[in-house]
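The values are calculated or read from the model by the stated rules, or taken from the named source; none is laboratory data. Here the structure is a predicted model, which is why all the values come from computation and not from measurement. Positions of Cβ are generated from backbone atoms using ideal geometry, with glycine treated the same way; all protein chains shown enter the neighbour counts. Heavy atoms of the whole protein, side chains included, go into the accessibility calculation; ligands, DNA and RNA do not. Shrake-Rupley method; radii C 1.70, N 1.55, O 1.52, S 1.80 Å.
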Amino acid sequence: MNNRMNILYVITAVFLLVLPFVYESRTLLILLTQVFIFAIFAMSYDILLGYTGIVSFGHAMFFGIGAYTIGVFMKQFEPTIPYFLLAVLVTIVLTAIVSFVLGLLTLRLKSHFYAMLTLAFSGLFLVLAEKWRTVTYGNDGFTFRIPDLFKDRTDFYLICLVTMIVVFAILRRFTSSPLGRVLQAIRENEQRTESLGYSILHYKVIASVISGVMAGLAGLLYSMSLRFVNTSVFTMDITLDALLMTIIGGVGTLVGAIIGAGLIEFAHHWLTELAKVHWIFERWIIFFGIIYILAVMFFPMGIVGTLKKIKLNRTKKEEKKAEEKIAS
Amino acid sequence: MEPIIETKGLSISFGGHTAVDGVNISVPKNHFKSIIGPNGAGKTTFFNLLSGQLLPTKGQIFFRNKEITKMSPTERTCLGLGRSFQITNVFPNLTVLENVRLAVQSQAGTRFQMLAHYKKYRIFEEKAAEWLELVLLDNKKEIVARNLAHGEKRKLEIAMLLALNTEVLLLDEPTAGMSVEEVPAILDVIRKIKRGNDRTILLIEHKMDMIMDLSDSVMVLFNGKLLADGTPNEIMKNEIVQSAYLGGLYDVNSVKA
Ligand SMILES: Nc1ncnc2c1ncn2[C@@H]1O[C@H](COP(=O)(O)OP(=O)(O)OP(=O)(O)O)[C@@H](O)[C@H]1O
Ligand SMILES: [Mg+2]
């Protein structure tokens with residue numbers, strides 16, 4: 001079964017890789033690029049929520065750090081590859097430090113402290129982005145140029161796709177490593193994990209750092225795709241997007257996060273189009289609210305989780321039938 | 001013989017209620033000690049103090065002559081103090097095999113490996129399967145722990161403790177809730193470990209008759225106090241214990257008087 005899944009992944013990846021060469025649609029390319037970027041972001045959130053059981057209300061903070069870092073480097077210095085690489089490095093270092101400190105401060109406490117502190121800190125970063133006008137140009141943000149390498153939409157599409165595949169592969173390995181398995185044990189039963197001899201604080205901080213760094217990279221790609229950044233990258237909407245994508249796709253499954261990102265981004269796009277027909281569709285957040293409630297009510301395990309369960313039930317039934325046959 | 005576990009005036013109060021009250025014990029290496037006492041006597045609370053789930057309000061705990069009173073449960077497990085829980089405490093959404101594998105992995109000291117695939121450590125799964133075989137759960141490996149029957153969960157709980165391979169085993173009513181047919185098999189497992197003669201075992205049990213032949217010594221807790229501590233025979237003959245177990249005795253002092 002695992003092999004069949006891998007084949008499916010490879011087919012999908014190849015399909016997406018050749019797509020820009022056989023089907024020329026600028027809108028679709030840009031939309032898919034957004035999907036890849038948000039898939040990285042949603043996967044990073046899933047490491048916290050789905051794999052370790054940590055709730056964060058301020059994941060936008062890491063996204064925003066990445067988005068602003070690349071913007072500032074490209075604007076204040078030069079839109080060249082060395083500065084791009086420097087921005088990547090600075091994003092990794094900054095997000096790692098912030099997630100490490102936040103994790104260390106709060107993850108030893110009851111779980112809601114992390115949720116609250118991340119919320120407070122992302123608020124702090126939002127204010128910083130608003131007030132530090134000389135660098136951030138306040139609320140309105142600023143446009144910037146990017147290195148030539150990334151200018152072509154098709155090339156950028158491919159870069160984002162490959163990054164997403166690499167992140168997916170890394171996180172899949174990470175979640176099925178001995179350490180990743182302990183994370184899942186923590187999600188299941190913190191106290192028991194502790195009494196098995198694992199010091200849970202270390203594990204939670206590691207999860208927090210990995211998740212934060214990945215989110216930062218997603219944010220970096222995001223503002224590069226727009227060649228523009230403003231304070232919206234630090235808002236609650238971004239965190240809610242990640243939450244929605246992981247929950248709809250299925251928490252604790254990395255593919256779920258990707259599928260969730262695809263669904264939300266496409267739905268977002270279609271609803272914006274429909275807004276031209278009727279104003280009600282402009283209030284797309286209402287629709288997302290409804291989808292969210294329906295998903296939690298009917299698919300609490302998300303799309304991937306529900307599919308897995310159906311499959312499991314089927315194999316179980318088959319086993320039972322086989323047993324009955326043997327018995328008779 | 002040099003004690004492996006020692007408590008001095010160990011006490012804990014919840015609000016005004018003192019659940020464990022000035023308990024002094026000293027357990028030699030490779031000793032088998034049973035703890036008995038009526039419901040609410042403080043037996044589980046005493047275990048929680050030894051394993052670090054609770055911190056005492058007074059008193060000290062020593063492990064191999066080293067004070068461990070303030071250590072975390074994690075540190076104590078790594079030192080060699082493992083426990084099982086009276087209220088089943090497993091990972092409900094992981095498979096039976098994975099539950100035990102996590103214990104094996106901890107015992108092997110593979111804690112922060114994040115690059116290799118866990119399947120690479122096949123030996124962990126094999127070890128885990130062996131422990132499951134020992135507690136007669138080897139036909140349930142791939143089942144999610146949540147779907148086990150109550151008695152089976154108890155067996156899983158024991159397998160997880162055994163897999164930790166700690167020098168000291170704290171067993172909190174391991175057979176509670178098991179069907180009558182299952183109990184002898186589990187007692188056999190415990191007997192086997194005892195025969196190995198390289199573990200120190202503390203066992204909480206309600207049913208006195210069941211543990212008398214296993215135990216080197218028995219201690220009786222009553223209202224948080226250590227009522228008696230001696231060989232099984234001494235305890236059987238002890239009048240105070242007899243009356244405590246026969247019921248009607250809720251004030252120890254009145255008997256002494
Ligand atoms: N965390 C806690 N907070 C408050 N009271 C507690 C706590 N833990 C235990 N107690 C109280 O301490 C007393 C001893 O409880 P404990 O669970 O240790 O009894 P026990 O001897 O294990 O009983 P049983 O045979 O029923 O398992 C009880 O009165 C219980 O209500
Ligand atoms: Mg108890």
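Quick notes on this structure:
- P(r) weight above 18 Å for the stretch B:1-105, C-alpha pairs, percent: 54 percent
- For B:Ile61, neighbours were defined as the other residues whose beta-carbon sits under 11 Å from its Cβ, and their charges (Lys and Arg +1, Asp and Glu -1) total +2.
- The lysines whose alpha-carbon is closer than 27 Å to the alpha-carbon of A:Lys311, local same-chain residues fewer than 8 away aside, are A:Lys320, A:Lys321, A:Lys325, B:Lys119, B:Lys120, B:Lys140, B:Lys141, B:Lys153.
- Between the stretch A:5-58 and the stretch A:107-163, the Cα center-to-center distance that results, in Å: 19 Å
- In degrees, nearest ten, helix A:302-327 long axis to first principal axis of chain A (Cα): 20 degrees
- Average accessible surface area per residue within the stretch A:25-302, 1.4 Å rolling probe, Å²: 41 Å²
- About its Cα centre, the stretch A:25-302 has a charge dipole of approximately 280 debye under the convention of +1 per Lys or Arg Cβ and -1 per Asp or Glu Cβ, with nothing else charged.
- Fraction of antiparallel bridges per DSSP, the stretch B:113-248 only, in percent to nearest 5: 50 percent
- Three semi-axes of the equivalent ellipsoid, the stretch A:36-94, Cα gyration tensor, whole Å, largest first: 27, 10, 9
- Relative contact order, whole percent, for chain B stands at 25, derived from Cα pairs under 8 Å and 6 or more residues apart.
- With a Cα cut-off of under 30 Å and a minimum spacing of 8 residues unless on different chains, the lysine pairs in the stretch A:25-302 number 4.
- Residue order for A:Tyr137, A:Tyr292, A:Tyr23, A:Tyr45 - accessible surface, 1.4 angstrom probe, largest first: A:Tyr23, A:Tyr137, A:Tyr292, A:Tyr45
- In the elastic network of chain A, a GNM with C-alpha springs shorter than 10 Å, the most mobile of A:Ile146, A:Ile259, A:Ile81 is A:Ile81.
- Where A meets B: accessible area buried, both sides, 1.4 Å probe, Å²: 2600 Å²
- Each 5 Å bin, from zero up to the one with the longest distance, holds this percent of the alpha carbon pairs of the stretch A:25-302: 1, 6, 12, 17, 19, 17, 14, 8, 4, 2, 0, 0, 0.
- Antiparallel bridge percentage (DSSP; both residues within the protein assembly as shown; nearest 5): 60 percent
- Cα-based reach from A:Lys309 at 20 Å (exclusive), listing aspartates and glutamates while leaving out same-chain residues under 8 positions away: A:Asp46, A:Glu188, A:Glu318, A:Glu319, B:Glu98, B:Glu142
- Probe 1.4 Å, protein heavy atoms only - accessible area per residue of the stretch B:36-135 in square angstrom: 43 Å²
- Tilt relative to chain A, helix A:200-226 - C-alpha long axis, 0 to 90 degrees, to 10: 50 degrees
- Within the stretch B:67-89, the residues that become at least 40 Å² less accessible when every protein chain is included than when their own chain is isolated (1.4 Å probe; DNA, RNA and ligands ignored) are B:Thr74, B:Asn89.
- Each listed q (0.05, 0.07, 0.08, 0.11 Å⁻¹) maps to a log10 I(q)/I(0) for the protein assembly as shown from the Debye sum over equal C-alpha point scatterers, namely -0.30, -0.55, -0.68, -1.04.
- Annotation for the stretch B:104-182 versus the stretch B:1-71: alpha-carbon center distance of 26 Å.
- Per-residue ellipticity at 222 nm, computed for chain B from helices alone with -39500 (n - 2.57) per DSSP H run of at least four residues, works out to -10500 deg cm²/dmol.
- Degrees between helix A:111-131 axis and first principal axis of chain A (Cα, 0 to 90, nearest 10): 20 degrees
- Over the stretch A:1-126, Cα pairs under 8 Å with separation of 6+ residues give a relative contact order of 27 percent.
- Simple rule: put +1 on each Lys or Arg Cβ and -1 on each Asp or Glu Cβ in the protein assembly as shown, find the dipole, and look at A:Phe84, B:Leu115, B:Ile36; the Cα lying farthest toward the positive end is A:Phe84.
- Occluded residues from the stretch A:182-204, i.e. those whose accessible area drops by 50 Å² or more once the chain is not alone (1.4 Å probe): A:Glu188, A:Gln191, A:Arg192, A:Glu194, A:Ser195, A:Leu196, A:Gly197, A:Tyr198
- When exposed loop sites are taken as GluC sites (Glu not before Pro) in a DSSP loop with at most 12 other Cβ atoms within 10 Å, the longest stretch of chain B clear of them is B:1-141.
- Alpha-carbon centroid distance for the pair the stretch B:212-245 / the stretch A:214-291, whole angstrom: 66 Å
- Derived scalar couplings between HN and Hα for the stretch A:254-262 equal 5, 4, x, 4, 5, 4, x, 4, x Hz in order, rounded to whole Hz, by the Karplus curve 6.51 cos²θ - 1.76 cosθ + 1.60 (θ = phi - 60°), x for Gly and Pro.
- Residues B:Thr69 and B:Lys207, FRET efficiency given R0 of 41 Å [Cβ-Cβ distance, rounded to 0.05]: 0.85
- Per residue of peptide B:112-120, the mean number of Cβ atoms on other chains within 10 Å of the residue Cβ is 6.
- Compactness check for the stretch A:1-44: Cα Rg over 2.2 N^0.38 Å is 1.36.
- Counting only heavy atoms of the protein chains and using a 1.4 Å probe, B:His17 has close to 110 Å² of accessible surface.
- For chain A, the relative contact order is 30 percent, taking Cα pairs closer than 8 Å that sit 6 or more residues apart in sequence and dividing their mean separation by the residue count.
- Solution diffusion estimate, µm²/s, Stokes-Einstein, chain B, Kirkwood Rh from C-alpha pairs, 37 °C, viscosity 0.692 mPa s: 171 µm²/s
- Cα pair count fraction exceeding 24 Å, expressed as % - the stretch A:135-229: 44 percent
- Here the accessible area is traced with a 1.4 Å probe on the protein chains. For the stretch A:61-138, carbon and sulfur cover 77 percent of it.
- Among A:Gly212, A:Gly141, A:Gly260, the largest mean-square fluctuation in a Gaussian network model of chain A, built with springs joining Cα atoms closer than 10 Å, belongs to A:Gly141.
- Members of the stretch A:154-180 that become less accessible by 30 Å² or more once partner protein chains are added (1.4 angstrom probe, chain alone as reference): A:Arg173, A:Ser176, A:Pro178, A:Leu179
- The calculated pair-distance distribution of the stretch A:197-269 uses every alpha carbon pair, bins of 10 angstrom beginning at 0, and gives 17, 42, 32, 8, 2 percent.
- Gaussian network model of chain A, springs between alpha carbon atoms under 10 Å - residue of A:Val18, A:Val233, A:Val251 with greatest fluctuation: A:Val18
- Take the convex hull of the alpha carbons in the stretch B:107-256; its mean projected area over all directions comes to 11.7 nm².
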